[in-house]
Amino acid sequence: MKMPNNEQSFVADNKIEKYLLSDTHEEGKYKAAFFKQFGFDALEPENLKKSLLNHAVTREIVNELEVAHGKKYVLECELQTTDERNPCIKSVWIIGNEESNPRLVTAYPK
């Protein structure tokens, strides 16, 4: 099953620039090293953003979690990359209690 309203998914620019592609963020730097292996970099953050939005639309839900702020959805596997190596990742999205569109929480290697 696909995530609800997946075509209206949202990825904040700072989630990419200051977290997933940051060499200095305490947790993000390990994720940045992973994503950079597949051609993503901080100079062109839109590439990772587009790939994550595509992941939200094409991947099936592997887990749903009710949390205090809404419902989280976990999606897995192929993330489209420009070099077509398409690594398997997990992406976590949330639809907040007062929201209807998924918002990226995190993404990391599976």
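The values are calculated or read from the model by the stated rules, or taken from the named source; none is laboratory data. No experiment lies behind these values; they were computed from the predicted model shown. Cβ sites come from the backbone with ideal geometry, for glycine too, and all protein chains shown count toward neighbours. Surface accessibility is based on the protein's heavy atoms, side chains included, excluding ligands, DNA and RNA. Shrake-Rupley method; radii C 1.70, N 1.55, O 1.52, S 1.80 Å.
Taking Cα atoms only, the orientation of helix 45-58 departs from the longest principal axis of the chain by about 40 degrees. Across the protein chains, with a 1.4 Å probe defining accessible surface, the residues 53, 79, 65, 43 rank 43, 65, 53, 79 from largest area downward. A Förster radius of 22 Å combined with the Cβ-Cβ distance from residue 80 to residue 26 puts the calculated FRET efficiency at roughly 0.20.
Once phi is turned into θ = phi - 60°, what whole-Hz ³J(HN,Hα) does the Karplus curve with 6.51, -1.76 and 1.60 give for every residue of region 3-18, x standing for Gly and Pro? Running phi through 6.51 cos²θ - 1.76 cosθ + 1.60 with θ = phi - 60° gives 5, x, 6, 4, 6, 9, 4, 10, 10, 5, 4, 5, 5, 7, 6, 9 Hz. Here the chain is assigned +1 on the Cβ of each Lys and Arg and -1 on the Cβ of each Asp and Glu. Its dipole about the Cα centre then comes out at about 180 debye. Pairs from the list 29/71; 36/90; 2/36; 36/71; 2/71; 36/110 with a Cα-Cα gap above 19 Å: 29/71; 2/36; 36/71.
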